[in-house]
Amino acid sequence: MTWGAQYMCYTCKKCGKKYKYAIDLIGDFGADFGKCPVCGSDGDLTYEGPVSPETSQYEEVD
Amino acid sequence: MADLKALKNKTIITVAPTGAWPKKKDNPNVPMTPEEIAEDVYECWKAGAAVAHLHMRDDEGNGIMDPVRFKKTVELIKAHEDCDIVLNLTTSGDIHADDDIRVAHVEELKPEMASYDCGSMNWLNSGLFINSPAFLERCGLSFQEWGVKPEIEAFDPGMIANAAYYIKKGVLKTPVHFQFCMGCANGITGTMKNLVFMKEEAEKLVGAQNFTWSCFGVGHSAMEMLYGAVALGGHIRVGMEDNVLFAKGQLAESNAQFVKRAVEAVKLFGREVATPDEARQLLSLPPYNTAE
């Protein structure tokens, strides 16, 4: 039994952008994991989950 | 005795069409009912899959260990008289199921294979995926009695070490078959370095001659693990249990779509896709009994 890719979904505190990171890429992004891809600010973690209509609302950073 | 040298260039493709988590809202093409799963498996067999790993769902789409649905699905697949795909039934389709119900369908149906998750871990950062020592001993010994080959799912290297322990204890018999589950949350990440490490750990702990192995990666590691397995001489698993996206931003149209891509990858590499009968020889399974 497995579970597909898991995402941490964020809303940027500064510019409001909604974006997500796959948790299997924590090692690749390191300290940048969770940063807004537009302005580089930290985001608020607003959702966690697999590929779904909910996480599809967030732009993937990869 | 199978001529394994003649089969050394063969790659087994396993399809895991449903799994326990994705629902129609996540991908409308995930097969959920016994009828949908059976037809999906048949299409995957025609596309080149030699093994099908099956989960069941209830009417709301939740994972369920329902012997009636397992039986119906198996019967529907076998109703296709030309389909000789190896059936591998999950023992882990519902984290709330007790140990008795997790093996009830295996005892009744005696499939050629059943999953054997060789340790406990967290489930989706929200629950527990329990595979207690008592459950693993029970499954290992019962599967031997029933003639069911365990597919040892290893989500991290510790589960390979645990399998080695159960081999020494007689709970598992060699040659064993590993499914390296790469990139799942709470498990080992899906990188080539880690895949090589898993393979080498198995060689060290179990002995290279004592196991076969397959792998898959979820999410970003899906293609890397597919090509990695082919390159390292392993076998591969694909399907919507592990990935509902065929590519970034593109929902899979079907499980057969995954199988067809795997077939192409195997052929492009210069290897050949194993038929179900060849898979049986590679996995040390008895010949297919059409009378069953």
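Any read-out appearing in this document is the output of simple, stated calculations on the displayed coordinates, not a laboratory observation. As the structure is a computational prediction, the values presented were derived from the model and not from experiment. Positions of Cβ are backbone-derived with ideal geometry, glycine not excepted, and every protein chain shown enters the neighbour counts.
Observations on the model:
- Per-residue extension of 0.36 nm, minus the Cα-Cα distance of B:Ser126 and B:Asp58, leaves a gain of 22.4 nm for this segment.
- Considering all different alpha carbon pairs of the range B:29-72, the Kirkwood hydrodynamic radius works out to 10.9 Å.
- Listed by chain and number, the lysines whose C-alpha is less than 21 Å from the C-alpha of B:Lys168, apart from same-chain residues fewer than 8 away, are B:Lys149, B:Lys199, B:Lys204.
- Note on the range B:110-158: Rg/Rh from Cα positions, Kirkwood definition for Rh, rounded to two decimals, is 1.02.
- The range B:55-75 and the range B:161-220: distance between their alpha carbon centers, rounded to Å: 28 Å
- Shielding of B:182-190 by partner chains, average beta-carbon count, 10 Å: 5
- Placing +1 on the Cβ of every Lys and Arg and -1 on the Cβ of every Asp and Glu, with no other charges, gives the range B:4-278 a dipole of roughly 960 debye about its Cα centre.
- Semi-axes of the equivalent ellipsoid of the range B:174-292 are 23, 20, 13 Å, computed as sqrt(5λ) over the eigenvalues of the C-alpha gyration tensor in descending order.
- Proximity of backbone amide H atoms, modeled 1.01 Å from N, is registered between A:Lys20 and A:Tyr10, A:Glu59, A:Glu60, A:Val61 at under 5 Å, excluding neighbours fewer than 5 places apart on the same chain.
- Across all directions, the average flat footprint of the convex hull enclosing the Cα atoms of the protein assembly as shown is 16.9 nm².
- Protection proxy ranking of B:255-262, B:208-215 - average other beta-carbon atoms within 10 Å, highest first: B:255-262, B:208-215
- Mean partner shielding of peptide A:2-14, defined as the number of other chain Cβ atoms within 10 Å of each residue Cβ, is 6.
- The range B:226-249 and the range A:5-40 have Cα centres separated by 25 Å.
- Net charge contributed by nearby residues that have their C-beta within less than 12 Å of A:Thr11 (K/R +1, D/E -1): +2
- The mean number of partner chain beta-carbon atoms within 10 angstrom of a residue's beta-carbon across peptide A:46-59 is 3.
- Other-chain or far-sequence residues with amide H under 5 Å of B:Ser115's (modelled H): B:Leu89, B:Thr90, B:Thr91, B:Glu151
- Separation of the B:Ser142 and B:Leu4 label points, Cα + 7 Å toward Cβ, nm: 2.9 nm
- Taking θ as phi - 60° and the Karplus parameters 6.51, -1.76 and 1.60, the scalar couplings of the range A:18-33 work out to 9, 8, 9, 10, 6, 6, 6, 10, 3, x, 5, 8, x, 5, 7, 4 Hz in sequence order, x denoting glycine and proline.
- Residue-averaged [θ]222 nm for chain B, counting only DSSP H segments that reach four residues, each worth -39500 (n - 2.57): -12000 deg cm²/dmol
- Alpha carbon convex hull of the range A:6-60, projected area averaged over orientations, nm²: 3.2 nm²
- In the frame of its principal axes, chain B has Cα extents of 44, 44, 44 Å, reported largest first.
- Amide H contacts under 5 Å for B:Val273, placed H, 5+ residues apart: B:Thr11
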